[in-house]
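To start, the structure under review is shown below, and the notes come after it.
The values are calculated or read from the model by the stated rules, or taken from the named source; none is laboratory data. Keep in mind the model is a prediction, meaning the values are calculated, not measured. Note that each Cβ is placed from the backbone with ideal geometry, even for glycine, and that neighbours are counted across all protein chains shown. Ligands, DNA and RNA are excluded from the accessible area calculation, which covers all protein heavy atoms including side chains. Shrake-Rupley method; radii C 1.70, N 1.55, O 1.52, S 1.80 Å.
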Amino acid sequence: MIRFKNLKSSQIVIANGLYWRYSFDYFLDSMTRLGIRHLELHGNSSHFPVEFISRDGLLNMKAKLEAHGLQVVNLAVDSSYSYPNIGSHNDKLRDRTVDIYRRLLMAAYLFGAKTIQLLPGRGAYDHPYEEAFENACGSLRKICDIAKEYGIRVIVENSSPHNTNVANSTEDILRLIDAVGKDNLVSMLDFCSAGRAGDDFKTAFEALGDKMCYVHMCDGTPMGHLVPGEGNLDFDGCMKVLDDAGYSGWLCYEIYHDNYNRDPEKHIRRGLEYLYDRMG
Amino acid sequence: MPDRITDLNKMVIAGFHYNRHSAEFFSRSMKECGAVKIELCPYASWLDITDRDDTERFAALLRRYGLRTETLVPEYGGVVPFNIGLEHPDAGKWSLLYAKKMMDNMSVLGVRKLVIGAGRQSADLPAEEGWERSRKNLRELGSYAAERGICILLCSDGGNSFSNIVRTTDEQLRMLNEVGLSNVRAYMDNVSIAAAGERFEESLSKLSSSGKQEGMIGHICISDGPEGWMLPGEGSLGEEAVKNALEMAYESGYQGGFSCRLCHWKYDFTPDQYTKKLKAFWDNQQ
């Protein structure tokens, strides 16, 4: 069994997405039972409906997080559907999307998170690629400008062609970041997305350089966001790349498969045991 | 198979699988297939149904292609976080506001049938609380809809993905009776019925047994499944089950429309090809 020299269990982050069937209180209690300290919160979940949550709702969340001794390090809105969508060909839906991220940034500031994260968006597949790309760039510039006021970085994540037609690989995401031209726009690596894109993980990691900000750890076939060992990705190999490089950022253990969401704690625990066996 | 099955006045083709393409593409594809009535799913990047201008723009597009919207399905599993059963104090308020704005704009599209689910409450909370919350919100929406000549069609979620409040036909019937409004009726979906482990024939009988058959069933959706809403022959139910469901509905005296829905990731990249296959399936039954 591989043993990591540098990666630490204290870098592990758990997202609330898998707990969508359960209440926020249940999720927080589960994190306490699992000994987790750091969270990624998803803003289109029943826990945290960012599009319309009230100020009191946010303050209530913050109080509960503090009572559990939990820290939110990253916020996201699942944008693998058509909405929200920074690349949408519909101007009104794009404007609403930017508004959602404005609210997400406000929440991030309130919770003390230093980053938010999003997908590159999706334009109509029967429209020119460049239209989606330019729309995504426009939205990202607006979002980054808002984020800068809060001192927050924006992570844009490449994903599969099913989720986005703007950026599927690390090369695509670097082109996007370059085109947007904002210094607080960074990226990350998701094991499944890298596998789906056919990217060599080490090459992708090195290419991102100082834009490398975050990690989603998961197994897959190559997609699926599975518990380590249930897919065919080289999970340990990806972790070793990070370990060898002395990566000290957050490691979000993100699993999503339908098989897990009725008993999320059980499957999170399985993954944590896998990781703890290998980490310091 | 009677001619009426391919009666274009009864067949409604849903647009879920066009969610990665433009509204223009969708409209053109529908026209090329000979469709007249559509089931509109505005969660796609086509329009902001709560925005009057955007809705008028979209309505003009549909008119250009000779299409009419028969049913409106605004939800898609939390994509638009419309959830009338959720315990979050802000969710109910927003969901009601969203639904009312949507209903205010439905007249622009000329559509009078709004399909919604009963919502989903967190599974660790008492089920009856979610039920009462959903019922209360459905009554409020039903009253608002009645003032606008709109019929709300309550669907069940046998797969327990989008709703854990109304999953079976019994729960659907119970909720409809408790809401007690004549303009809040059932949306029968054979895929959801199968996912709940029920038989279409039994569900049809239950929703008809009150003697208010025409009033209780507002619309029927028939697809293969229940792995998704599949092309007939591509799901576990199979072609014969799909044809039988339609035949049973006709034999029961049902006079309303039928939605034919495709919703599965495999259809998303070439939706027009699958729509042609769907249309060809029903044409070949004559």
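Summary table
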item: Compactness of segment B:72-149 as Cα Rg over 2.2 N^0.38 Å, two decimals; result: 1.09
item: Net charge of Cβ neighbours under 9 Å - reference B:S122; Lys, Arg +1; Asp, Glu -1; result: -1
item: Sites A:K202 and B:S107 - FRET efficiency at Förster radius 45 Å, r taken between beta-carbons, to 0.05; result: 0.15
item: Rounded accessible area of B:W282 (nearest 10 Å², 1.4 Å probe); result: 10
item: Sorted largest first, extent of segment A:133-197 alpha carbons per principal axis (Å); result: 35, 22, 17
item: Residue among A:Y125, A:Y214, A:Y260 with the largest mean-square fluctuation in a Gaussian network model of chain A, springs linking Cα atoms under 10 Å; result: A:Y125
item: Span-rule helices in chain B, defined as complete DSSP H runs reaching 24 Å or more along the axis (Cα) with Kyte mean at least -0.5; result: B:89-109
item: For segment A:206-280 and segment A:12-78, distance of Cα centres in Å; result: 20
item: Solvent-free Debye scattering, log10 I(q)/I(0), computed from the Cα coordinates of the protein assembly as shown at q = 0.11 Å⁻¹; result: -1.03
item: Neighbourhood charge, 14 Å Cβ-Cβ cut-off, centred on B:I150 and excluding it, Lys, Arg +1 and Asp, Glu -1; result: +2
item: Cα-only Debye scattering, segment A:206-280: base-10 log of I(q)/I(0) at q = 0.12, 0.18, 0.20, 0.21 Å⁻¹; result: -0.34, -0.75, -0.90, -0.98
item: 25 Å tail of the calculated P(r), chain A, as % of Cα pairs; result: 43
item: Shape of segment B:137-286, Cα gyration tensor, a/c cut at 1.5; result: prolate
item: Segment B:81-147 versus segment B:169-247: alpha-carbon centroid distance in Å; result: 21
item: Amide proton proximity set for A:L251, modelled H, under 5 Å, gap of 5+; result: A:I12, A:V13
item: 222 nm mean residue ellipticity, helices alone, for chain A (DSSP H n ≥ 4; -39,500 (n - 2.57); rounded to 500); result: -13000 deg cm²/dmol
item: Chain A, accessible area per residue, ligands and nucleic acids excluded (1.4 Å, Å²); result: 37
item: Residues A:D145 and A:R270, FRET efficiency given R0 of 45 Å [Cβ-Cβ distance, rounded to 0.05]; result: 0.60
item: Cα pair distances of segment A:125-280 binned at 10 Å [whole percent]; result: 10, 37, 33, 18, 2
item: Amide hydrogen neighbours beyond the local backbone of A:C218, cut-off 5 Å, H modeled; result: A:F191, A:C192
item: Net charge over other residues, Cβ less than 15 angstrom from the Cβ of A:H42 (K, R count +1; D, E count -1); result: -4
item: Taking segment B:212-286 and dividing mean pair separation by its residue count, relative contact order in percent (alpha carbons under 8 Å, at least six apart); result: 33
item: Two-decimal Rg/Rh across segment A:11-139, once Rg and the Kirkwood Rh are taken from alpha-carbon atoms; result: 1.03
item: Sequence-separation-based contact order of chain B, relative, with Cα cut under 8 Å and 6+ spacing, percent; result: 18
item: Segment A:71-131: projected area of the alpha-carbon convex hull, averaged over directions, in nm²; result: 4.2
item: Accessible area of chain B belonging to carbon and sulfur atoms, whole % at 1.4 Å probe; result: 47
item: Sites A:H162 and B:E32 - FRET efficiency at Förster radius 22 Å, r taken between beta-carbons, to 0.05; result: 0.35
item: HN-Hα J in Hz across segment B:216-221 - Karplus 6.51, -1.76, 1.60, θ = phi - 60°, x for Gly and Pro; result: 7, 9, x, 5, 10, 10
